[in-house]
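What follows is a single structure, written as structure tokens, with notes after it.
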């Protein structure tokens, strides 16, 4: 018996090691794909900016260049290559080249989103400093944007203890980056990457499914007649340390409270519940008025096999939720049924649309 247990344990350990090796190969390959796409975008957009500037100005700054020509160019490019070439983005490419006219100064360690952010900095010394810090510290775009908005460079210059300030800021960034680890699917949902690759619609079925479900859930709650009013879709809440987006936000006039809804396409995890608790807590701190009741959250997980629905209430609001909230809210069972039925309808429509192409 002992020998059998040892054999099974050894086999499990060997499988775990094999899994780790394969996982490492996959993660490395995905990172290489992401880096390759970003490199191609940076190089291509710099060259496009160069061509536009050379054509319109013969290398000279001229603000009177007609906007109409960019609009015409945008329509031609969009017809041929899809989204990503509207006049606004062409102006971004133009500005990118004008701010970084020497191609050797453009590091391929940074993405197009980084350079789109850096190009907006008018102070060339500050811009060079932020670029170098982003490269050396491996800042995400979010971290770079945060430091620019916090005037990190200017504070360093004026500080008597710049070393301590730098260490403190880098520590905060590291914590923020760890908290918001980028998942592979987040890379593929980057609108710049999607537009650059001009991915056909069938590659975006998951995103379309999510949007379709949100549309139907929004209509479902408004039709209940229990005091729900629509507030926002993909609402961005900005705090000192992070940004987060809530799929749907409602206000219930009978309960005098906000309802936050987060939709997941997949299995419900403890992390999802903890994340919603954080959303509720931050919403109470930043959006709730004095005469409002505590905010409640609603997590909806739509899987191909079944749906999972869970209300998220902070501990100090549980009694209020049970006593006063429930009569005005759809039950978890009702929401589960609605979510399952709507997934079938939306997925069927999407698949029909793909087959017709």
Exercise. Can you pull out the residues in segment 320-336 that are without any contact (Cβ under 8 Å) to a residue 40 or more places away in the chain and loosely packed, with under 15 Cβ neighbours inside 10 Å?
Worked result: 322, 323, 326, 327, 331, 333, 334
For this session: Scan the helices (runs of 4 or more DSSP H) fully inside segment 9-126 and keep the ones with 1 or more residues being closer than 30 Å to residue 146 by Cα and modelled with pLDDT of 90 or more.
Result: 87-99, 112-118
For this session: Only one of these is surrounded by 13 or more Cβ atoms within 10 Å (Cβ to Cβ), farther than 25 Å from residue 211 by Cα and modelled with pLDDT under 80: 317, 302. Name it.
Result: 317
Exercise. Which of (1) under 15 Å from the mean Cα position of the chain (by Cα); (2) modelled with pLDDT of 85 or more; (3) on the phi > 0 side of the Ramachandran plot is the odd one out, the single condition residue 234 does not satisfy?
Worked result: (2)
Exercise. Checking residue 191 against (1) at pLDDT below 70; (2) touching a helix residue (DSSP H, G or I) at 6+ places or on another chain (Cβ under 7 Å); (3) surrounded by fewer than 16 Cβ atoms within 10 Å (Cβ to Cβ), which test does it fail?
Worked result: (2)
Exercise. Can you name the residue in segment 281-299 that is in a helix (DSSP H, G or I) and in contact with a strand residue (DSSP E or B) (Cβ under 8 Å, 6 or more places away or on another chain) and is also modelled with the lowest pLDDT among such residues?
Worked result: 286
Exercise. Inside segment 127-153, can you point out the residues that are assigned to a helix (DSSP H, G or I) and surrounded by fewer than 13 Cβ atoms within 10 Å (Cβ to Cβ)?
Worked result: 132, 136, 149
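The values are calculated or read from the model by the stated rules, or taken from the named source; none is laboratory data. Everything quoted here is computed from the prediction, not taken from an experiment. Positions of Cβ are generated from backbone atoms using ideal geometry, with glycine treated the same way; all protein chains shown enter the neighbour counts.
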